[in-house]
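Heads up, the thing below is written out as structure tokens.
The values are calculated or read from the model by the stated rules, or taken from the named source; none is laboratory data. Just so it is clear, the model here is predicted, and its values are computed rather than measured. Cβ sites come from the backbone with ideal geometry, for glycine too, and all protein chains shown count toward neighbours. For accessibility, only protein heavy atoms count, side chains too; no ligands or nucleic acids. Shrake-Rupley method; radii C 1.70, N 1.55, O 1.52, S 1.80 Å.
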Amino acid sequence: MSQLREGSQDAYTEIYNRYKWLLHSHAYKKLGDRDAANDLIQELFTNLWTKRKDISLTSTLSAYLYTSVYNRVINVYEHRQVETKYIDSLVEYANNYVDSTDYLIREKQFTEIIEKEIALLPPKMREIFELSRKRHATHKEIAETLNISEATVTKQIKNALKILKVRLGLVIYLFLITRF
């Protein structure tokens, strides 16, 4: 270890050759993934070389290396958990995602269908219905504006809703089954 601290490549090569396969085997048993074990060991030995001057051993070199592998395995597990949570959140988002463009197009199409059906109402009924639903006028205000009784306004609106319900019910049903 003292030779390694001084930058001896021969000491590094000896440590590498002596421990590489033992540590790799240990990491592979814990991870179950050869590529992950290879990456972990490669990172361990790269770190050993770059931080050789700062490493102070409190026990043997092998204990230090096995502890380093153990800590890196834990880091891999934690990273996998973060990845899993991230992927799960992406899947949940994708499953709950509503395409606003698609929604807006459908809304526009429904609005056009509704407007066409309202335009097909008898003229007086259509006028009363539009005053009620589009301008939000009360029955009393509509009656005063058109010089008719409130009962007539109420009856015309009820009739308009019945007609639209029948027409739009079928149209929207046909629209939905052709789109999905």
Original post:
How many residues are assigned to a helix (DSSP H, G or I) and more than 17 Å from residue 169 (Cβ to Cβ) when one looks only at region 113-128?
Top reply: 7
Original post:
Do the conditions hold for residue 94, that is, is it assigned to a loop (DSSP other than H, G, I, E, B), over 26 Å from residue 23 (Cα atoms) and not hydroxyl-bearing (Ser, Thr, Tyr)?
Top reply: no
Original post:
Before we move on, is residue 17 part of a helix (DSSP H, G or I) and loosely packed, with under 11 Cβ neighbours inside 10 Å?
Top reply: yes
Subject >> First in region 24-51 and aromatic (Phe, Trp, Tyr), second anywhere and open to solvent by 60 Å² or more (accessible area, probe 1.4 Å) and assigned to a helix (DSSP H, G or I), Cβ under 7 Å, 6 or more apart >> reply: 28/34
Original post:
Hey, any hits in region 102-114 for a residue that's farther than 30 Å from residue 26 by Cβ, at pLDDT 90 or above and surrounded by 15 or more Cβ atoms within 10 Å (Cβ to Cβ)?
Top reply: no
Original post:
Is there any pair with a first residue in region 100-115 that is touching a residue at least 12 places away in the same chain (Cβ under 8 Å) and at negative phi and a second that is in a helix (DSSP H, G or I) and open to solvent by less than 60 Å² (accessible area, probe 1.4 Å) whose Cβ atoms are under 6 Å apart and which are 6 or more apart or on different chains, and what are they?
Top reply: 113/171
Original post:
open to solvent by less than 50 Å² (accessible area, probe 1.4 Å), part of a helix (DSSP H, G or I) and not charged (D, E, K, R): does that describe residue 143?
Top reply: yes
Original post:
Looking at region 45-66, which of its residues are loosely packed, with under 12 Cβ neighbours inside 10 Å and of a type in the set (Ser, Thr, Tyr)?
Top reply: 46, 50, 56, 58, 59, 60
**OP:** Mind counting the residues in region 21-44 that are buried (at least 16 other Cβ atoms within 10 Å of the Cβ) and over 34 Å from the mean Cα position of the chain (by Cα)?
**Re:** 5
Original post:
Based on what the data block shows, is residue 135 open to solvent by 70 Å² or more (accessible area, probe 1.4 Å) and either in contact (Cβ under 8 Å) with a residue 12 or more places away in the chain or closer than 24 Å to residue 162 by Cα (or both)?
Top reply: yes
